[in-house]
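The structure appears right after this line, and notes come after that.
The values are calculated or read from the model by the stated rules, or taken from the named source; none is laboratory data. It should be emphasised that the depicted structure is a prediction, and the values quoted were computed from it without experimental measurement. For neighbour counting, all protein chains shown are included, and Cβ atoms are generated from backbone atoms with ideal geometry for every residue, glycine included.
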Amino acid sequence: MARESDLKGAVQEQFGRVAPNYLTSAVHAQGEDLPVMVEAANLQGGERVLDAGCGAGHTAATFAPHVAEVTALDFTASMLNQVVLLAEDRELTNIRTRLGDVENLPFPDSTYDLVVSRYSAHHWARPGKALREFRRVLKDGGRFILSDVLGFGDPVCDTYLNAIEVLRDPSHVRDYTLEEWSNRFAAAGFRLELFFSYRIFLHFEEWTERMETPEVNCSAIRALYDASPEEVREALQIEGEGHSFQCAVLRGTASEG
């Protein structure tokens, strides 16, 4: 429990400090996965949506024009302040914010038609518990749509990926593999589909400056780049001033009963 508490404290400390950087981040404000997430939802217009681990609110703002209401939930109060600023800037009146933990949602059963989460799950200490909470607050037949970086089945590539991630962001827990997600979706009561696969290119300086990564850690990441075997260089597409991560949009439909 102490380790889990430490991880959650690290998330609040890290993102409390850098929250404004995520409001202006092009990687988070844009991306080919955002319209795909909307497409995957098969929206009718009257849905109540939960954006779990909403960050600065870019996903909530993408869904808001298409649904009745979006609840933007995050563990960090300063991130929710960015959501308010974004909603005001875009004149979106159907987004409300809520401080909370994805592993212990402050909502009754069967509250939402749709749960979405983007670039948040790699911070979750107990993703299986989070998915069970999503299933609990979803109505039967509701959907959960996840977009995040995927881990690798190859242990060498996977170790390099997560080492680089932790050096850049100490609140990182793990980029989970598709197999890990498949098992967790099924255990939580979701039928899983791999809806869309994509890559995001991350320019090294922008990526580290957004998180305000200390220079000593930046140097360590560059050292890992330089020392990485060919299989890792290919998997992470390390070249020049950046790298790219394999990502996916996953859609889970809540089983009835």
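Scanning the range 134-150 for residues that are buried (at least 21 other Cβ atoms within 10 Å of the Cβ) and over 19 Å from the mean Cα position of the chain (by Cα) gives a single hit, Gly142. Being closer than 26 Å to Val49 by Cβ, buried (at least 21 other Cβ atoms within 10 Å of the Cβ) and basic (Lys, Arg) is a description that does not apply to Arg191. Taken together, Ser244, Ser171 contain a single residue that is small (Gly, Ala, Ser) and in contact with a helix residue (DSSP H, G or I) (Cβ under 6 Å, 6 or more places away or on another chain), which is Ser171. The single condition among (1) within 14 Å of the chain's Cα centre (by Cα); (2) assigned to a helix (DSSP H, G or I); (3) surrounded by fewer than 22 Cβ atoms within 10 Å (Cβ to Cβ); (4) of a type in the set (Gly, Ala, Ser) that Ser171 does not satisfy is (2).
Taking the numbered list (1) buried (at least 20 other Cβ atoms within 10 Å of the Cβ); (2) within 18 Å of the chain's Cα centre (by Cα) in turn, Tyr160 passes all entries but (2). Just one of the listed residues (Ala72, Ala77, Ala52, Ala68) is over 14 Å from Ala29 (Cβ atoms), at pLDDT 95 or above, in contact with a strand residue (DSSP E or B) (Cβ under 8 Å, 6 or more places away or on another chain) and surrounded by fewer than 20 Cβ atoms within 10 Å (Cβ to Cβ), namely Ala68.
Listed here are the residues, each with its yes/no results for (1) free of Cβ contacts under 8 Å to residues at least 24 places away in the same chain; (2) not in a strand (DSSP E or B); (3) not hydrophobic (A, V, I, L, M, F, W, C).
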| residue | (1), (2), (3) |
| --- | --- |
| Val49 | no, no, no |
| Ala61 | no, yes, no |
| Val70 | no, no, no |
| Leu73 | no, no, no |
| Ala87 | no, yes, no |
| Thr97 | no, no, yes |
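Total residues in the range 144-194 satisfying the condition of being under 17 Å from Tyr119 (Cβ atoms), among the small types (Gly, Ala, Ser) and free of Cβ contacts under 8 Å to residues at least 60 places away in the same chain: the figure is 1.
If only residues of the range 111-132 that are surrounded by fewer than 21 Cβ atoms within 10 Å (Cβ to Cβ) and out of contact with any Phe, Trp or Tyr (no Cβ under 9 Å at 6 or more places or on another chain) are counted, the one that is nearest to His172 (Cα to Cα) is Ala125.
Please list, ordered by first then second residue, the pairs with beta carbon atoms under 6 Å, 6 or more apart or interchain, first in the range 235-256 and in contact (Cβ under 8 Å) with a residue 40 or more places away in the chain, second crowded, with 21+ Cβ neighbours inside 10 Å and part of a loop (DSSP other than H, G, I, E, B). Once the first residue is in contact (Cβ under 8 Å) with a residue 40 or more places away in the chain and sits in the range 235-256, its partners that are crowded, with 21+ Cβ neighbours inside 10 Å and part of a loop (DSSP other than H, G, I, E, B) give His243/Leu236; Gln246/Leu150; Ala248/Leu150. Here is the figure for the range 175-231: residues that are of a type in the set (Phe, Trp, Tyr) and part of a loop (DSSP other than H, G, I, E, B) total 1.
Within the range 20-42, the set of residues being in contact with an Asp or Glu (Cβ under 9 Å, 6 or more places away or on another chain) and modelled with pLDDT of 90 or more comprises Ala40, Ala41. Cβ-Cβ distances below 8 Å connect the following pairs, each with a first residue in the range 121-132 that is closer than 14 Å to Leu178 by Cα, a second residue that is assigned to a loop (DSSP other than H, G, I, E, B) and aromatic (Phe, Trp, Tyr), and a separation of six or more residues or different chains: Ala121/Tyr176; His122/Tyr176; Pro127/Tyr176. Whether a residue is surrounded by fewer than 18 Cβ atoms within 10 Å (Cβ to Cβ) and not β-branched (Val, Ile, Thr) was assessed, and Ser197 passes this test.
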